[in-house]
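For reference, the structure discussed in these notes is given below.
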Amino acid sequence: MYDVLVVGGSYAGIAAALQLARARRTVAVIDAGSRRNRFASAAHGFLSRDGHTPDLIARQSRRQLLAYPSVDWIDGTVSRCTGALDAFEATTTRGEVLKGRRLILATGVADQLPDVPGLSQLWGRKVFHCPYCHGYELDRGAIGVLASSDMAFHHAVVVSEWGPTTLFTNGMFQPDAEQQDVLRERGIAVEPARLTRVADKGAGIAVELENGSSTELAGLFVQARTSPACPIAEQLGCNIEESPMGTHVGTNGTQETSVPGVFAAGDTARAAGNLTFAVSDGAMAGTGAHRSLIFPPA
Ligand SMILES: Cc1cc2nc3c(=O)[nH]c(=O)nc-3n(C[C@H](O)[C@H](O)[C@H](O)COP(=O)(O)OP(=O)(O)OC[C@H]3O[C@@H](n4cnc5c(N)ncnc54)[C@H](O)[C@@H]3O)c2cc1C
């Protein structure tokens with residue numbers, strides 16, 4: 001029986017396990033190895049690691065974690081978690097069963113992109129969701145924002161800080177009169193023609209429209225709809241919350257879910273995330289789970 005099972009061994013999961021390892025608690029981290037930013041060649045905005053590859057950050061973090069003798073790492077996918085406080089079980093797709101007194105879910109999210117041919121192939125290279133992560137590298141070149149919901153107005157206004165912006169409404173969003181005024185004031189062009197395809201084009205991206213025209217951009221932003229990457233939290237009965245971005249696992253200030261002894265951290269437990277937030281939430285979940293072992297819920 002481990003003190004804590006951590007499902008998901010990326011930024012949030014490793015940060016959680018590190019706190020527990022440093023408290024000399026026994027931890028098993030089970031990780032399927034599909035970090036959300038695996039499509040990007042560099043990660044930005046993370047202190048001391050700005051511009052490093054996501055793979056390098058993950059490998060170094062994992063190596064440092066595994067220097068602690070009370071941590072076991074299992075490469076694998078958890079198909080199911082069952083049980084309750086002091087007696088959780090995680091079953092992997094290979095049939096291994098791991099037991100733990102507390103459970104931390106750090107399983108990330110699944111990104112659902114609009115169905116535009118070519119879009120998913122360029123995800124993380126020329127198509128992004130977060131301007132803070134990838135806007136600077138576009139070097140003030142022409143930027144597109146592809147609408148996927150009513151949030152497109154807000155997204156386009158924010159993204160326009162990084163370069164001249166065109167909002168492609170793509171039949172998903174129609175700005176009202178007030179929004180049109182703001183878009184005009186900020187110099188944001190609005191393109192109502194639907195996209196038929198996006199394609200890699202030299203250093204940038206070509207956006208092809210249903211009217212036969214084509215526009216070249218340095219990069220395209222789109223707000224993917226996100227939801228927990230696996231159904232474990234829902235299976236356990238944790239509250240799932242809705243946001244304009246999608247759904248995520250609800251937690252309190254120590255990252256504990258509505259199910260006692262089950263904590264959740266990182267993208268899976270917030271409306272919008274990044275590496276820094278995931279590490280912060282993970283550290284909080286790790287210390288939260290540790291304190292819950294010391295001071296068990298009544
Ligand atoms: C294209 C792209 C580029 C990005 N660039 C940046 C950037 O430059 N800077 C930045 O700060 N943020 C960036 N982000 C956001 C960043 O990737 C996420 O915020 C971060 O990865 C969240 O970390 P996490 O640990 O919560 O989840 P993840 O990193 O997604 O990790 C979840 C882990 O859990 C595992 N897992 C899931 N289900 C199971 C299961 N059932 N059993 C076992 N393991 C499981 C997964 O395989 C994965 O290893 C980017 C995101 C995208 C999509």
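The values are calculated or read from the model by the stated rules, or taken from the named source; none is laboratory data. Only a predicted model underlies this, so the values are computations on that prediction, with no experimental measurement involved. Note that we place each Cβ from the backbone using ideal geometry, even for glycine, and neighbour counts take in every protein chain shown.
Here are a few things to note about the model shown:
- The residues of the stretch 239-280 that are of a type in the set (A, V, I, L, M, F, W, C), surrounded by 17 or more Cβ atoms within 10 Å (Cβ to Cβ) and in a loop (DSSP other than H, G, I, E, B), listed by number, are Met245, Val259, Ala265.
For every residue, the table says whether it meets (1) out of contact with any Phe, Trp or Tyr (no Cβ under 9 Å at 6 or more places or on another chain); (2) over 26 Å from Pro296 (Cα atoms).
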residue	(1), (2)
Ile74	yes, yes
Arg80	yes, no
Ala84	yes, no
Ala90	yes, no
Glu96	yes, yes
Arg101	no, no
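- Residue list for the stretch 79-105, filter: surrounded by 19 or more Cβ atoms within 10 Å (Cβ to Cβ), under 17 Å from Ala229 (Cα atoms) and touching a Ser or Thr at 6+ places or on another chain (Cβ under 8 Å): Cys81, Leu105
- The stretch 224-234: number of residues that are outside any loop (DSSP other than H, G, I, E, B) and free of Cβ contacts under 8 Å to residues at least 60 places away in the same chain: 1
- Search result, residues across the stretch 106-161 that are of a type in the set (Lys, Arg) and either surrounded by fewer than 16 Cβ atoms within 10 Å (Cβ to Cβ) or in contact with a helix residue (DSSP H, G or I) (Cβ under 6 Å, 6 or more places away or on another chain) (or both): Arg125, Arg140
- Filtering Gly237, Gly212 for residues that are on the phi > 0 side of the Ramachandran plot and touching a residue at least 12 places away in the same chain (Cβ under 8 Å) leaves a single hit, Gly237.
- If the condition is being aliphatic (A, V, I, L, M), part of a loop (DSSP other than H, G, I, E, B) and over 24 Å from Gly246 (Cβ atoms), then the stretch 138-166 contributes only Ala142.
- Answer residue from the stretch 9-46, given it is more than 10 Å from the ligand (Cβ to nearest atom) and in a loop (DSSP other than H, G, I, E, B) and is surrounded by the most Cβ atoms within 10 Å (Cβ to Cβ) among those: Arg25
- Matching residues, the stretch 50-60, being within 18 Å of the chain's Cα centre (by Cα) and under 13 Å from Ile14 (Cβ atoms): Pro54, Ile57, Ala58
- The residues listed here are Thr268, Thr276, Thr196; of these, the one that is away from the ligand (no atom under 12 Å from the Cβ) and either hydroxyl-bearing (Ser, Thr, Tyr) or at pLDDT below 95 (or both) is Thr196.
- Residue within the stretch 74-84 that is assigned to a loop (DSSP other than H, G, I, E, B) and not assigned by TED's automatic domain parsing to the domain that holds Gln121 present: yes
- Here Val207 does not fit the description of being in contact with a helix residue (DSSP H, G or I) (Cβ under 7 Å, 6 or more places away or on another chain) and either in the same structural domain as Val145 (by TED's automatic domain parsing) or assigned to a loop (DSSP other than H, G, I, E, B) (or both).
- Any hit, the stretch 123-137, residues being over 26 Å from Ala12 (Cβ atoms), in a helix (DSSP H, G or I) and at pLDDT 95 or above: no
- Within the stretch 54-69, being surrounded by 16 or more Cβ atoms within 10 Å (Cβ to Cβ) and either among the polar types (S, T, N, Q) or without any contact (Cβ under 8 Å) to a residue 40 or more places away in the chain (or both) holds for Pro54, Ser61.
- Which listed residue is in contact with a His (Cβ under 8 Å, 6 or more places away or on another chain) and within 16 Å of the ligand (Cβ to nearest atom), from Ile240, Ile205: Ile240
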